[in-house]
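Asker: One structure is given below, represented as structure tokens, and several questions about it will come after.
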Amino acid sequence: MIISTLLLLLLPVASAISGPDFSIFDTPSEPLLPSNDPFYMSEPANLSAYALGDLIRIRLAPGNLSAMFNASAVYNIVYRTEDSLGHPLWSFSTVFSPLNAYSSTPTSNHSQYETSSRGKGTAFLSYQLPYNTPSVDWSVSVVMYDPTQTATLGDVTAALQRGWFVSVPDFEGPFAASTAGALEGKVILDGVRAVYSLAALDDSQLGGLEPLGLDAAHASFSLWGYSGGAISSGWAGEMQPYYAPDLQPYFAGLVIGGMPPGFVATADLLDGTSSAGLLPNALLGLTQQFPAAREFLISSLKQEKAQDFLAALNMSALQAFVAFYNQSIFDYFINGRDDFTHPILTSLYDGHYDLRLKGVPSVPVFAYKAIGDQFSSIQLSDQLITEYCDGGAVVLYERNTVGEHISELQNGHSRSLEWLGSLFNGTHSEIYGTSACVVKNVTVVDPTGPPLGQL
């Protein structure tokens, strides 16, 4: 069903909902690919009239996600955001409600959102899964239905078991602008705004749907991402003070693991390896919003290789790993690496991928990475953390002496949950101290982390 405009005008909509009316949709009988799902892909009417983070569409998620993730309910939301250039855009997130919500003593209050009753959940995590694809039909909202892939979402299940509400945004947006950090940061922050707006709605406003159960007035939130999800989470953390200052009272902390700063340096490590497929996916995603750069990219491809390269437009990350296994992506270009590093492309790498461009996070940061990470240099991550610390950020940075990029996803699992938990329950300074920046080597193998997958 769709709530009519007239009915919505009669409802006491929460003060967080400031744009035009939102619609509540029936749940499809089965999950749909985004390209076939009007709820997901149809451009909302009068999009620019919505404020950033406004809810546009709400429904219960199709399929059996509640059972798969042991959640009490799972919602799909569409909300207003903007692209890298500031143009109006919409995006999509999957929001999980835990079976037993964790509630702590309130430590913040944000007057923008209508006060909700006590006893609701107070811990909210936005989790950024690295899905690394220029195809919207391989967004994380699709991947999570595949039992062979959902194991890598074990961090989400573990967060729900702790009673936290979890939002998993399709942070590349509806046109899968993979690797476009500025867009991804905005989509994440506006997704957080939208979840607070959803939490502020009661059953009379939800057309028969159960309220979310998150305390919109007092809950705090944190961001967590690994690999490509760390880039997007890092951008959101850097952008928050000026893009979403209204979220500051709620923002508890930021976790970034396996971060691969430095696009060209990362490409030099990946080219010719089993993970080379990340590069065409990233290039096609990064140029999605920039027609001149996309035109240059295509015109620079060798004629006999262009079709194979552009086939990545419809590939998942795993499919790209297989298709480009151990290949030199530089060799797809007429002038090799010189085309890959042409100024029209490097301007995008520098301005829309690399971290530490927009400032430093205003909240505590937990960063973790394997010293032997084969995807990106530990030295570049060290440099990023040094710049954060020099800029006044509060950081705990753990450099793992064992493992590599894939295993560190697993090895960072429990450490991240414990660190986040200390923020949500108010014991952070007691456990981790008050030093502004702590950098240390650790030796951690975590068998409780999610099974290893391809990131």
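Asker: Can you list the trypsin sites (Lys or Arg not before Pro) in segment 361-455 that are in a DSSP coil and have 14 or fewer other beta carbons within 10 angstrom?
Answerer: Here no loop site has a sparse enough neighbourhood.
Asker: Moving to a separate point now. Search the structure for amide H atoms under 5 Å from the amide H of Leu89, placed 1.01 Å from N in the peptide plane, and list their residues when 5 or more places away or on another chain.
Answerer: Hits under the 5 Å cutoff: Thr81, Glu82, Asp83.
Asker: Along its principal axes, what span do the Cα atoms of segment 5-257 show, with the longest given first and each in whole Å?
Answerer: Computed over the Cα atoms, the extents are 41, 39, 39 Å.
Asker: Now, a different point. Tell me the volume per residue, in Å³, of the convex hull enclosing the alpha carbons of segment 150-308.
Answerer: 164
Asker: Non-local amide H neighbours of Val255 (under 5 Å, H modeled in plane, Pro and chain starts lacking H): which ones?
Answerer: Leu223, Trp224, Gly225, Phe366
Asker: Still on this structure: Starting from the Kirkwood radius over alpha-carbon pairs of segment 226-306, derive D by Stokes-Einstein at 37 °C in a medium of 0.692 mPa s and give it in µm² s⁻¹.
Answerer: The diffusion coefficient I find is 217 µm²/s.
Asker: Quick one: check the C-alpha center-to-center distance for segment 408-435 versus segment 250-290, whole angstrom.
Answerer: If you average the Cα positions of each part, the centres end up 26 Å apart.
Asker: Name the residue farthest towards the positive end of the dipole of the chain from the options Leu33, Ala176, Gly372, assuming +1 on Cβ of Lys and Arg, -1 on Cβ of Asp and Glu, about the Cα centre.
Answerer: The residue sitting farthest along the positive end of the dipole is Gly372.
Asker: Count the net charge of all other residues whose Cβ sits under 11 Å from the Cβ of Phe171, scoring Lys and Arg as +1 and Asp and Glu as -1.
Answerer: -3
Asker: Also: Once all Cα-Cα distances of segment 204-273 are split into 5 Å bins that start at 0, what whole-number percent is in each one?
Answerer: Result returned by the calculation: 4, 14, 16, 15, 15, 12, 10, 6, 4, 3, 1, 0.
Asker: Of the DSSP beta bridges with both residues in segment 5-257, give the percent that are antiparallel, rounding to the nearest 5.
Answerer: Counting only bridges with both partners in segment 5-257, antiparallel ones make up about 55 percent.
Asker: Could you derive backbone 3J(HN,Hα) for segment 220-228 from the dihedral phi with the Karplus parameters 6.51, -1.76 and 1.60 (θ = phi - 60°), listing whole Hz in sequence and x where the residue is Gly or Pro?
Answerer: So the Karplus estimates, Gly and Pro as x, are 9, 10, 9, 10, 8, x, 10, 6, x Hz.
Asker: Once phi is turned into θ = phi - 60°, what whole-Hz ³J(HN,Hα) does the Karplus curve with 6.51, -1.76 and 1.60 give for every residue of segment 162-168, x standing for Gly and Pro?
Answerer: Going residue by residue, I get 7, x, 8, 7, 10, 10, 10 Hz, with x marking Gly and Pro.
Asker: For segment 261-336, what mean projected area does the convex hull of the alpha carbons give, in nm²?
Answerer: That works out to 4.8 nm².
Asker: When Glu30, Glu418 are ordered from fewest to most other Cβ atoms inside 10 Å of their Cβ, what list results?
Answerer: Ordered from fewest to most neighbouring Cβ atoms within 10 Å, Glu30, Glu418 come out as Glu30, Glu418.
Asker: Would you mind ranking Ile406, Ile56, Ile188 so that the residue whose beta carbon has the fewest other beta carbons within 10 Å leads the list?
Answerer: Ile406, Ile56, Ile188
Asker: While we're on this one: What is the fewest-to-most order of Thr443, Thr122 by other Cβ atoms lying within 10 Å of their Cβ?
Answerer: Ranked by crowding around the Cβ, least crowded first: Thr443, Thr122.
Asker: Evaluate the Debye formula for the chain with equal point scatterers sitting on the alpha carbons, no solvent, and hand back log10 of I(q)/I(0) at q = 0.06, 0.07, 0.09 Å⁻¹, in q order, two decimals.
Answerer: Computed log10 I(q)/I(0) values: -0.23, -0.32, -0.54.
Asker: Give me the aspartates and glutamates in straight-line cross-link reach of Lys120: C-alpha distance below 16 Å, same-chain residues under 8 apart excluded.
Answerer: Asp202, Asp203, Glu210, Asp215
Asker: Where does the charge balance sit around Phe221 when Lys and Arg score +1, Asp and Glu -1, over other residues with C-beta under 12 Å from its C-beta?
Answerer: Charge balance in the 12 Å sphere: 0.
Asker: Same structure, new question: Mind checking the dipole of the chain: about its Cα centre, +1 per Lys or Arg Cβ, -1 per Asp or Glu Cβ, Debye to the nearest 20?
Answerer: Around 560 debye, computed over the chain.
Asker: Check Val395: other-chain or 5+ apart residues with amide H under 5 Å from its amide H, H built from backbone geometry?
Answerer: Hits under the 5 Å cutoff: Val365, Cys437, Val438.
Asker: Binned at 5 Å from 0, what are the whole-percent values of the Cα-Cα distance distribution for segment 117-218, short to long?
Answerer: With a bin width of 5 Å, the distribution comes to 2, 12, 19, 19, 19, 16, 9, 3, 0.
Asker: Just to check I understand the Karplus step: with θ = phi - 60° and J = 6.51 cos²θ - 1.76 cosθ + 1.60, what whole-Hz values come out for segment 65-81, glycine and proline as x?
Answerer: After applying 6.51 cos²θ - 1.76 cosθ + 1.60, I find 4, 4, 6, 5, 10, 6, 10, 7, 7, 9, 10, 9, 10, 10, 8, 7, 8 Hz.
Asker: Restricting the count to DSSP beta bridges whose residues both fall in the chain, what percent are antiparallel, rounded to a multiple of 5?
Answerer: 40
Every read-out reported here was derived from the displayed coordinates using simple, explicitly stated rules and does not represent laboratory data. No experiment lies behind these values; they were computed from the predicted model shown. Backbone-built Cβ (ideal geometry, glycine too); neighbour counts: all protein chains shown.
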